[in-house]
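The values are calculated or read from the model by the stated rules, or taken from the named source; none is laboratory data. Fair warning: this is a prediction, and the values are worked out from it, not measured in the lab. Cβ: placed from backbone, ideal geometry, glycine included. Neighbour counts: every protein chain shown. Protein only, heavy atoms only, side chains kept; ligands, DNA and RNA dropped before computing areas. Shrake-Rupley method; radii C 1.70, N 1.55, O 1.52, S 1.80 Å.
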Amino acid sequence: MSYKNIDVQPVSGALGAEISGADLNADLDNETFDDIHQAFLDHQVIFFRDQDLSPEKHTAFGRRFGSLNVHPYVKGMADHPEVMEIIKEPEDKVNFGGGWHSDMSFLEEPALGSILHSIEVPSFGGDTLFASQYKAYEALSDGMKEMLDGMVAIHTAEREYGQGGNSAMKRSSMDIDNANDDVPKFEHPVVRTHPETGRKALYVNMAFTMYFKNMTRRESRPLLNFLFDHCTQEQFTCRFRWTPGAVAFWDNRAVQHFALNDYHGQRRHMRRVTINGDRPH
Ligand code: SIN
C-alpha cells in the first residue's frame, strides 16, 4: 500500500503499524486524513508517537471518523464526557481493560474504534496487546468457519459492570457505576463482515460474550472457550510499548486488545475517545 503524506511501518506480521509524518494536533488536510484512514483499515491498529493532544484535539480527531460514545458506566472528563480517563494509581490492584475484549461489544451498535492517548506511563510495563480477529477467523478450518458463519452470540456488560461484577469497587481511581440488574443483552453474529473492508472477523470476546443464541450457557461454554483461546494466539498479535504522548487507534470490528497489569506501584494515566459504530452483520 502506498501513502502520500505519511510513513507506515508494520510492527508485526499479524497487525499493527507505526505512523510517522502526522501531527494529530494540527488540522489534518483531507489527503493526510485519507492516508491515516487507509492505514487504519490496512493494519487494524495504528500507533503514533509524541502527540501533544488536548482533549479538544483528541475528540476532534475522533469525530473525523464518526460520532463519539459516552460510556454508559465509566464517567468521562467533566468538560469532555466523551473522553474517558483510564487511570491506575500506584496503590491500585486492578487495571481497566486487563483482559481480552473488543470495546463496547455489549451495545447494540458497538464501537468502531478507540483512540487511546498516553499522559503518564510507568517506567516499565503497562503495554497493550492487540489480536487480529481477521487472522483468527482465517486460521480456522473450513468446517469450523462454515458452522460459525451462521451462529449468533449474546453480548452483555453484566459480568464487567453488573451488580457484583468485576468493575466498580476494585478500580477505586476511576469513576465507574454499576449497571442495574436488568443489564441489556444484544445478539451479534459470531463472524462479522467488516463494513469497510468486506473481510470476515471473529466477533466473540471473553469479557462480554456470554452464550450462543438458542443454547444454554453450559452448552455454549466448550465452544466459546475454544474460540477465546484460539482468537488471541501469539501469531495473531502485536504489542505496543507506550511512551508519553503516544497514541494507539484500533479497529474494534477486527481487533481485540488487552491492557497488561504488570507495573504495580507505578502510575499509568491514559485518555480514551471511542467512536460509535454500526450494528455488526
Ligand atoms: C482499554 O481501552 O481497554 C484500555 C487499554 C489500555 O489502557 O491499554
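Overview of results
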| read-out | value |
| --- | --- |
| Length added when fully stretched, residue 233-residue 193, from 0.36 nm per residue minus Cα-Cα | 12.3 nm |
| Local electrostatic count, residue 20, Cβ distance below 12 Å [Lys/Arg +1, Asp/Glu -1] | -4 |
| Cα shape, the chain, gyration tensor, a/c 1.5 rule | oblate |
| Reachable lysines, given that their alpha-carbon falls under 26 Å from the alpha-carbon of residue 213 and they are not under 8 places away in the same chain | 135, 145, 185, 200 |
| Accessible area (Å², per residue) of the chain, counting only protein heavy atoms and a probe of 1.4 Å | 42 |
| The range 1-129: relative contact order in percent, alpha carbon pairs under 8 Å with at least 6 residues between | 15 |
| Loop sites in the range 42-101: GluC sites (Glu not before Pro), DSSP, at most 16 other Cβ within 10 Å | 91 |
| Normalised contact order of the chain, rounded percent, pairs of Cα under 8 Å and 6 or more residues apart | 35 |
| Per DSSP, loop trypsin sites (Lys or Arg not before Pro) in the range 18-105 with at most 11 further Cβ within 10 Å | 93 |
| All lysines inside 30 Å of residue 57 as judged from Cα atoms, apart from same-chain residues fewer than 8 positions distant | 4, 75, 88 |
| Karplus-derived HN-Hα couplings along the range 103-116 (A = 6.51, B = -1.76, C = 1.60, θ = phi - 60°), whole Hz, x at Gly and Pro | 4, 6, 5, 7, 9, 5, 10, x, 5, 6, x, 10, 10, 10 |
| Cα lying deepest toward the dipole's positive end in the chain, options 118, 45, 259, charges on Cβ | 259 |
| Accessible surface of the chain [probe 1.4 Å, protein heavy atoms]: carbon and sulfur percent | 48 |
